[in-house]
Amino acid sequence: MKAKNYRRPEGMTYARNEYIHGPPPSRITKYNAGVYRDDYTHELLLVPETDLQIRDVSIESARIAVNKYLTEKLNDKFYLEVKAHPHHVLRENKMIFGAHADRLQEGMRRAFGKPIGRAARVEMGQPVFRLLTYGDGVQAGREALDLAAKKLPKKYYIIENQLTQNA
C-alpha cells in the first residue's frame, strides 16, 4: 500500500493495544532534541493546514532532518519537541495478485486487516513540532521546519511566538 492511502483520518481510531494482536512499535526514537533551557526567547510551531494522519516513519525522518540541520547551524542553542504521537494503528487487507491467487484469499469477506504501522492523527492547528530558540536562531529554525514540512504529507505553516520571561 502507498502512504497516501492513509493520509485522511477516517473512522474511529484503532489504538487499544490490549485488543490488537502484535501492534507494531512506534519508529520515533526520541521525542526531544537539543538542550532545554528556561531562557529561550522564541518558539516556532509547525502546524498543518488540514486534518491529517502522519505515519511514524515520516515524523522520524522529519525529526532527524531538523535535528541534523539545527545541530549544524545552532550547535546546542535550540530545543526541539515532537508533539504528534503515533497512537493509531494502521491496518491492511493484503491481497495476492497473480496466477492462482483466487485460491489463497477471501476478497472482502473478512477484510479487517493486519496491523502494518502507526500514524499520528493531527487536527488542523495542532502543532507537529515545537522548536525553542534564541532570537539569532529564528531564521535557521524556520529553514529547518521548512525542511521538515517537505518530508511530511500535505501543507504546513510556521507560527512564531515570542516568549516572555518570568522575572
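The values are calculated or read from the model by the stated rules, or taken from the named source; none is laboratory data. Remember, it's a predicted structure, so these values are computed and weren't measured experimentally. Cβ coordinates were reconstructed from backbone atoms using ideal geometry, including for glycine residues, and neighbour counts include every protein chain displayed.
Scanning segment 1-38 for residues being among the small types (Gly, Ala, Ser) and touching a Leu at 6+ places or on another chain (Cβ under 8 Å) gives a total of 2. Hey, among the residues in segment 1-38 that are of a type in the set (S, T, N, Q) and in contact with a Lys or Arg (Cβ under 9 Å, 6 or more places away or on another chain), which one's nearest to Lys73 (Cα to Cα)? So the residue we want is Thr29. Of all residues in segment 106-120, those satisfying the criterion of being of a type in the set (A, V, I, L, M) and either part of a strand (DSSP E or B) or touching a Leu at 6+ places or on another chain (Cβ under 7 Å) (or both) are Ile116, Ala119, Ala120.
Scanning segment 62-86 for residues that are buried (at least 17 other Cβ atoms within 10 Å of the Cβ) and either touching a helix residue (DSSP H, G or I) at 6+ places or on another chain (Cβ under 7 Å) or in contact (Cβ under 8 Å) with a residue 60 or more places away in the chain (or both) returns Ala62, Arg63, Val66, Tyr69, Leu70, Leu74, Lys77, Phe78, Leu80, Val82, Ala84, Pro86.
If you go through segment 74-88 and pick out every residue that is closer than 16 Å to Arg142 by Cβ, touching a Phe, Trp or Tyr at 6+ places or on another chain (Cβ under 7 Å) and of a type outside the set (Ser, Thr, Tyr), you end up with 2.
Six or more apart or on different chains, Cβ atoms under 8 Å: show the pairs whose first residue is in segment 18-41 and at positive phi and whose second is among the acidic types (Asp, Glu). Matching pairs, first to second residue: Gly34/Asp76.
Consider segment 94-128 and keep the residues that are acidic (Asp, Glu) and over 30 Å from Lys155 (Cβ atoms). The one that is modelled with the highest pLDDT is Glu106. Number of residues in segment 121-167 that are touching a helix residue (DSSP H, G or I) at 6+ places or on another chain (Cβ under 9 Å), surrounded by fewer than 21 Cβ atoms within 10 Å (Cβ to Cβ) and part of a loop (DSSP other than H, G, I, E, B): the value is 4. Within segment 38-60, being within 14 Å of Arg130 (Cα to Cα) and either part of a loop (DSSP other than H, G, I, E, B) or aliphatic (A, V, I, L, M) (or both) holds for Tyr40, Thr41, Leu44, Leu45, Leu46, Val47, Ile59.
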